[in-house]
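Any read-out appearing in this document is the output of simple, stated calculations on the displayed coordinates, not a laboratory observation. If you're wondering where the values come from, they're calculated on a predicted model, not measured in any experiment. When we count neighbours, we look across all protein chains shown, and the Cβ atoms used for this are built from the backbone with ideal geometry, even at glycine.
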Amino acid sequence: MAEATTDPVRLPPAPRIPKVLQGIGFLASRDKAAATLRGRYGSEFTINLPIFGRTVVISDPALIKEVFTMNTDLIARGGNLGAVLGPGSTFSLDGIEHRQRRKLLVPPFHGKRMQGYEHIIEEEVLREIATWREGEEFATLPSMMRITLNAILRAVFGADGAALAELRELLPSMVLQASRLTVMPPAVRRGIGPWSPWARVDALRRRYNSVVAELIADARRDAAIDERSDVLAMLLQARYEDGSPIGDDHVADELLTLLAAGHETTATTLAWAVERLRRHPRLLTRLAEEVDSGGSELLQATIFEVQRTRPVIDATSRKTRTRIRLGEWVIPEDHALLVSISLAHASESNYSDAAAFNPDRFVGNPPDNYAWVPFGGGFRRCIGAAFANMEMLVTLRILLQEFEFGVTYGAGEPARSRGVAIAPGRGGEAVVYRRQPVLTSAVSADAARVSA
């Protein structure tokens with residue numbers, strides 16, 4: 001168990017190359033660089049990175065569990081997402097304040113409320129795929145982005161209209177630009193005045209704040225707000241234990257967190273799912289048969305395996321508040337820790353034949369909480385994980401019911417960084433053909449008699 005200590009610092013081994021070269025290697029290809037270092041040094045190593053500085057990278061499930069369950073007196077959040085999303089985002093909060101906020105955010109994304117969102121996903125998927133043309137290869141990522149953005153907007157705000165239309169227009173550009181700038185040092189992000197890389201994001205954020213302020217005011221005037229099930233209504237009515245509400249500025253930050261995290265990563269995973277399935281025709285056939293029969297076990301296992309083999313977030317970070325013991329290592333105060341999701345998922349110690357795409361490994365065998373971590377873990381596990389999983393299940397089920405996918409034996413699409421998320425390099429290309437309706441034997445017999 002991780003604990004505070006006064007023992008001498010003992011860090012995992014590190015490459016003996018200049019910091020600049022280490023940074024360039026990680027920026028050029030994070031997965032390859034991390035895999036190379038793991039092959040040389042094992043599941044823990046130290047690297048000197050831009051933004052983070054000297055960083056301990058871990059991928060062993062036992063140590064991941066220690067980090068995710070560590071007392072917040074010993075370890076704090078890491079990374080720059082809080083600076084991007086605002087001071088009221090859960091990514092910016094720590095300790096007791098974070099736990100109190102998280103408690104208010106959990107109800108909208110669990111239990112019966114989740115079932116109420118399923119019809120929204122179904123409507124958005126059917127609306128989007130009505131435009132898909134048969135027999136022509138196209139990138140599915142833009143469609144997945146529209147499906148997940150529209151779905152989360154409706155789940156968060158509960159309705160459509162001019163304000164949501166404006167958010168639908170500005171959010172994709174805002175999220176993508178902010179995501180790319182998140183991985184840059186603060187001085188580079190901010191730059192100088194209106195010529196800084198951040199100036200465009202700031203302008204979009206001001207538009208966002210204005211639209212959300214209008215939606216908050218409308219919700220407060222709604223006499224039936226108590227009957228609404230959307231996230232905005234619930235956040236406005238939520239109260240801390242002392243009876244105080246969440247401030248409107250923090251509501252806006254929290255909604256942006258949900259909107260950004262709730263569509264970019266899910267859409268990217270769905271594009272990867274299409275990319276993987278097209279290269280596994282036997283699995284495609286089995287999945288189509290399963291959804292036709294009303295099942296979902298193999299489909300759920302497939303989603304787990306897509307997230308394992310193609311994680312869209314490759315790492316999550318923490319920072320030590322004091323000197324701690326972590327396994328055999330002693331990490332100094334104010335030191336970065338990086339939980340490598342990609343290395344944990346690709347480890348032969350965690351998964352037999354780890355390089356293979358094999359959803360059957362998860363059939364009747366749910367993933368381990370610390371060897372499979374696409375949503376992070378512990379106190380900071382993604383609040384919307386259940387919503388994202390439901391959204392992927394519904395979307396893929398409808399796609400399999402509605403289409404046959406043209407298969408390919410070509411090489412898999414390369415990974416391409418969009419800043420925070422890692423997407424298929426060609427956008428998850430697909431070729432689709434609409435399926436003929438599946439007829440029951442009774443209906444088929446009736447049709448035969450009519451033909452005769």
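Quick check on packing: order 80-86, 292-298 by the mean number of other C-beta atoms within 10 Å, highest mean leading.
Numbers: 80-86: 21.0, 292-298: 12.6.
Ranked by mean Cβ neighbours within 10 Å, highest first: 80-86, 292-298.
Can you tell me the relative contact order of the chain? Whole percent, Cα pairs under 8 Å, sequence separation 6 or more. Display every interim value, and only then the final one.
On the way: 666 pairs, mean separation 116.3, N = 452.
Reported relative contact order: 26 percent.
Given the Cα-Cα distance of R54 and R127 and 0.36 nm per residue of separation, how much length would full extension add, in nm?
Full extension of this stretch gives 21.5 nm more.
How high is the relative contact order of region 70-181, in percent, with contacts defined as C-alpha pairs under 8 Å that are six or more residues apart?
16
Just going by the charge dipole of the chain, with Lys and Arg at +1 and Asp and Glu at -1 on Cβ, which of L104, S340, P367 is farthest out on the positive end?
S340
Using +1 on the beta carbon of Lys and Arg, -1 on that of Asp and Glu, and nothing else charged, what's the dipole of the chain about the Cα centre, debye to 20?
So the magnitude is around 1400 debye.
In region 3-443, what is the count of Lys pairs whose alpha carbons are under 28 Å apart, counting only pairs at least 8 residues apart or on separate chains?
Value for region 3-443: 8.
Between (i) 73, 53, 42; (ii) 89, 57, 43; (iii) 66, 47, 42, which entry matches Cα extents along the principal axes in Å as derived from the coordinates of this structure?
(ii)
Report the calculated FRET efficiency for S229 and E136 (r = Cβ-Cβ distance, R0 = 30 Å), to the nearest 0.05. Walk me through the intermediate numbers first.
Numbers: r = 39 Å, r/R0 = 1.30.
Efficiency for this residue pair is about 0.15.
Which listed residue (T395, I129, H250) has the Cα farthest towards the positive end of the charge dipole for the chain, taking +1 on Lys and Arg C-beta and -1 on Asp and Glu C-beta about the Cα centre?
Toward the positive end, the furthest listed residue is H250.
Could you please state, rounded to a whole Å, how far the C-alpha centre of region 257-300 is from the C-alpha centre of region 320-346?
Taking the Cα centre of each part, region 257-300 and region 320-346 sit 33 Å apart.
For a Förster distance of 41 Å, can you work out the FRET efficiency between the beta-carbons of R221 and A385, rounded to the nearest 0.05?
The pair R221/A385 has a calculated efficiency of 0.80.
What distance in nm separates the simple spin-label points at V20 and R435, each placed 7 Å from Cα in the Cβ direction?
Here the modelled spin labels are 5.7 nm apart.
Using a 7 Å offset from the Cα along the Cα-to-Cβ direction at both N209 and Y41, what is the distance between the two label points in nm, to one decimal?
Between N209 and Y41, the simple spin-label model gives 4.1 nm.
When the chain is fully extended, how far beyond the present Cα-Cα distance does A4 get from D242, taking 0.36 nm per residue of separation?
Contour length minus the Cα-Cα distance gives 82.5 nm.
Once both labels are modelled 7 Å past Cα along the beta-carbon direction, what's the A354-N369 spacing in nm?
Roughly 2.2 nm, to one decimal.
In debye, nearest 20: dipole of region 233-363 around its Cα centre with unit charges on the Cβ of K, R (+) and D, E (-)?
500
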